[in-house]
Amino acid sequence: MAVGAMTSAPRLQAGFYTRLLSRGAVLWVFVIAWTALVIVPLGILVIYSFFESRSFMTVYTPTWATWQTLFSSGRWEVVLRTLRIALTVTAIELAIGYPFALWLAKGCRSRGLRAVLISLLTIPFFLDISSRTIVWRAILDQHGLVNSILTGIGAIDHPIGWLLYTEFAVHFGMIAPYFPTMVLPIYLAVAFIDDDLVQASSDLGASPLQNLTNIILPLSLPGIMAGTILTLGSALAAWVEPGMLGGGFVNLLSNSVESAYTALKYPILAALSTLVVLLLGLLFALLVLLTRRFADLAGTFNVMRR
């Protein structure tokens, strides 16, 4: 009788969890928690952007003055510059990261080497970004390592000045920290693609390029989308690289947010954050549209080939 009670307890627990999942309770808990922790603060942020700051005090009267100040003060140009740099860095990361992730998932036959490379990709998450960024100042400076080598071998007569405190330096400094955020989602998506599917396509006469464009690329689109969003969001919020490598000459959104916070202009800060969220939403919608369009074109192409 005791044995029967002991065996029935796990069954009762399994039945409880099954009923819990089938009724969608977990989904509702997630929706409620996500709404309370993410959606509601974003809504408050948007509302706060329609207030005004006067004499270091926030006037809680709805007005368009903060948004008008945002566009008339030149901060709009800062947002566009930040968006341009973030999109450029994301495109570079995708161009470099996708072939590497594809090789890591399907081309690297050594499990030990793959484990080492994945471990190396996680190192940036455990190091302070300031420590990793400040090293580039000693490398890219006019009297740094790059200029010293080029001058020593006679490649240049005078040190190159645009290596540091320019947009080039900011771009260069943002590539390494955000490389894992692009590679890891794509690697996971490509790793789950069945090798038998690619082998069957090859047996039917498909070339490696056709396998890439018709099978691997469409099936890895979720990883590409996730990597793009993670990298783009991180690049938009970057503040260490512009400060250390831009030297105050490359003013990005993070600098405007910091100055607004220091001046206690919280409505301006809310407006800037709201604008970034809107731009991210538009870019995400465009990315989803392009992804669906590419998937439809790939499906149409496969049907025409058959």
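Each value in this text was obtained by applying a stated rule to the coordinates, not by laboratory testing. Bear in mind the structure is a predicted one, so any value in this text is a computation, not a measurement. Quick reminder, even Gly has a Cβ in these numbers, built from the backbone with ideal geometry, and neighbours come from all protein chains shown.
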>> Ignoring everything except DSSP H segments at least 4 long, calculate the 222 nm mean residue ellipticity for the chain; use -39,500 (n - 2.57) per segment, divide by total residues, nearest 500.
In response: -23500 deg cm²/dmol
> For the pair Asp196 and Val135, how long in nm is the line joining their label points, each one 7 Å along Cα→Cβ?
Replying inline: 4.5 nm
> Taking H as built 1.01 Å from N, whose amide H comes closer than 5 Å to the amide H of Val59, not counting residues under 5 places away?
Replying inline: Glu52, Ser53, Arg54
> Any idea what the dipole of the chain comes to, in debye rounded to 20, about its Cα centre with Lys/Arg Cβ at +1 and Asp/Glu Cβ at -1?
Replying inline: 780 debye
> Taking Cα atoms of the stretch 74-305, Rg/Rh with Kirkwood Rh, to two decimals?
Replying inline: 1.05
>> Of Phe30, Phe192, Leu290, which is farthest towards the positive pole of the chain's charge dipole, taken about the Cα centre with +1 and -1 on the beta-carbons of Lys, Arg and Asp, Glu respectively?
In response: Phe30
>> Can you tell me which of Ile85, Ile229, Ile39 moves the most in a GNM of the chain? Springs connect C-alpha atoms under 10 Å apart.
In response: Ile39
